[in-house]
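Enquirer: Input: one structure, supplied below.
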Amino acid sequence: MTIFIIILLVLVMWFILGYNSLVAKRHRVKEAWSDIEVQLKRRYDLVPNLVEIVKGYMTHEKELFQKVTEARAKAMTASGKEKTAAENQFSETLKNLFAVSENYPELKANQNFLELQRELVDTEDKIQAARRFYNTVTRDYNIAISIFPTNIIANLFGFKPEVLFETVSKDEQLPTKINF
């Protein structure tokens, strides 16, 4: 009888520790996603200022400005799997904006433009770091809910896998080169 009680206590403790571990991992995933959203918002806030400065120099690039504005709006409102695709599209339109700005030497000398460019590069670096952290904690969480025996607890309490924040193109994995 004593052995039965000890085994039962060990199982209950394992169950409690396993559940608490999964809850903690799920909260780390949510916290890491929140870090990404903070950096994305910072980037969203910088872009309108950048567009306004660039508009003064690039009078013939209205279509590009429209694409940047649309990509920003789409990225701001997207969620779930669509968020990754929208963010990748937004990054591509920003790269195009900087590439086109190469043709405007006066713009490249503008201090406000240079400062915004530095802030955007810094923000992109922070987004990449936040993305790596998010993907790491998400991977750990997804593994924890998939492996035996914690998958039993995960299934009982409805722990669902989280989606990684991956880039769409291999070009995104390379550092962006902007020459000024």
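Enquirer: Having 1 or more residues that are more than 17 Å from residue 32 (Cβ to Cβ) and modelled with pLDDT under 85 is the bar; report the helices (runs of 4 or more DSSP H) wholly within the stretch 94-180 that clear it.
Expert: Ranges flagged: 105-108, 111-146.
Enquirer: Residue 65 - would you say it is buried (at least 19 other Cβ atoms within 10 Å of the Cβ) and either touching a residue at least 40 places away in the same chain (Cβ under 8 Å) or part of a helix (DSSP H, G or I) (or both)?
Expert: Numbers: buried (at least 19 other Cβ atoms within 10 Å of the Cβ): no; either touching a residue at least 40 places away in the same chain (Cβ under 8 Å) or part of a helix (DSSP H, G or I) (or both): yes.
No; evaluated as a whole, the condition is false for this residue.
Enquirer: Sort out which residues of the stretch 1-27 are surrounded by 12 or more Cβ atoms within 10 Å (Cβ to Cβ) and among the aromatic types (Phe, Trp, Tyr), and write them in order of number.
Expert: Correct list: 14, 15, 19.
Enquirer: Sticking with this one: For residue 46, are the conditions met, namely being modelled with pLDDT of 90 or more and surrounded by 15 or more Cβ atoms within 10 Å (Cβ to Cβ)?
Expert: Numbers: modelled with pLDDT of 90 or more: yes; surrounded by 15 or more Cβ atoms within 10 Å (Cβ to Cβ): yes.
When the stated conditions are applied, residue 46 passes them.
Enquirer: Report whether or not residue 40 is closer than 30 Å to residue 86 by Cβ and at pLDDT below 95. Give the steps one after another, and end with the answer.
Expert: Details: closer than 30 Å to residue 86 by Cβ: yes; at pLDDT below 95: yes.
Considered against the rule, which asks whether it is closer than 30 Å to residue 86 by Cβ and at pLDDT below 95, residue 40 comes out as yes.
Enquirer: Taking the condition of being among the charged types (D, E, K, R) and closer than 26 Å to residue 148 by Cβ, how many residues in the stretch 13-46 meet it?
Expert: So the answer is 4.
The values are calculated or read from the model by the stated rules, or taken from the named source; none is laboratory data. Because the structure is a prediction, the values reported are computed rather than measured. Note that we place each Cβ from the backbone using ideal geometry, even for glycine, and neighbour counts take in every protein chain shown.
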